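Below: one structure, written as structure tokens.
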Amino acid sequence: QVQLVESGGGLVQAGDSLRLSCAASGLTFKSYAMGWFRQAPGKEREFVAGVDPSGNRKYYIDSVKGRFTISRDNAKNTVLLQTNNLKPEETAVYYCGAAFATPVQTMGVSKINYWGKGTLVTVSS
């Protein structure tokens, strides 16, 4: 079975950084675009960043450009999200998702084939 397992979340202060990791198994990892999503309290799940199967093409929402970096290691079946200078409003459960044959620019929640269970990021002020 397919499993995506996130890790790296925690409680940090505004301005701090975290590196989130997603370990994938049970799928041909290099055939999937991978993305990070987040869901804040009382809000819908939203796309944050995506990376194509090769790792060469990346896409971010405007609010995280220059602060977050998505990357993947196809040899290790992992995708990372480096989150720098975190803001309190970015407190959320962060999820990774896998999308088969999906351009990263269109990687909305409806395009995800498999989800992880999420890792909680809490940013205090």
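The values are calculated or read from the model by the stated rules, or taken from the named source; none is laboratory data. Bear in mind that the values here come from a model prediction, so they are computed numbers and not experimental data. Counting neighbours? That spans all protein chains shown, and the Cβs are built from the backbone with ideal geometry, glycine included. Accessible surface is based on the protein model in full, side chains and every heavy atom, while ligands, DNA and RNA are left aside. Shrake-Rupley method; radii C 1.70, N 1.55, O 1.52, S 1.80 Å.
Highest first, please rank the peptides 39-45, 49-55 by the mean number of other Cβ atoms sitting within 10 Å of their residues.
49-55, 39-45
Ranking request for peptides 118-124, 81-87: highest mean number of other beta-carbon atoms within 10 Å first, then the rest in descending order.
Top of the packing list down: 81-87, 118-124.
Taking R0 as 25 Å, what's the FRET efficiency between residue 44 and residue 122 from their Cβ-Cβ distance, rounded to 0.05?
With a Förster radius of 25 Å, E is 0.85.
All other residues with a Cβ under 11 Å from the Cβ of residue 115 taken together, and with Lys, Arg as +1 and Asp, Glu as -1, what is their net charge?
Value of the local net charge: +1.
For residue 105 paired with residue 82, estimate the spin-label separation in nm (one decimal), with each label point 7 Å from Cα along the Cα-to-Cβ line.
2.6 nm
Excluding ligands, DNA and RNA, what is the solvent-accessible area per residue of region 1-81 at a probe of 1.4 Å, expressed in Å²?
Using a 1.4 Å probe on heavy atoms only, each residue of region 1-81 averages 53 Å².
Near residue 16, within a Cβ-to-Cβ distance under 14 Å, what is the net charge of the other residues, with Lys and Arg +1 and Asp and Glu -1?
Net charge in that neighbourhood comes out at +2.
Measure off, as a whole percent, the carbon and sulfur share of the 1.4 Å-probe accessible area of region 20-125, all protein chains present.
48 percent
Mind ordering 28-35, 63-70 by average Cβ neighbours within 10 Å, highest first?
28-35, 63-70
Output ³J(HN,Hα) for region 79-85: one whole-Hz value per residue in order, computed from phi by the Karplus curve 6.51 cos²θ - 1.76 cosθ + 1.60 with θ = phi - 60°, and x for Gly and Pro.
10, 10, 10, 8, 10, 9, 6
With only alpha-carbon pairs counted, each pair once and no self-pairs, how large is the Kirkwood hydrodynamic radius of the chain in angstroms?
14.1 Å
How large is the charge dipole for the chain, taken about the Cα centre, if only the Cβ atoms of Lys, Arg (+1) and Asp, Glu (-1) carry charge, to the nearest 20 debye?
In debye, rounded to 20, the chain gives about 220.
When Lys and Arg each count +1 and Asp and Glu each count -1, what net charge do the other residues less than 11 Å away from residue 52, Cβ to Cβ, add up to?
Once all neighbours under 11 Å are counted, the net charge is +4.
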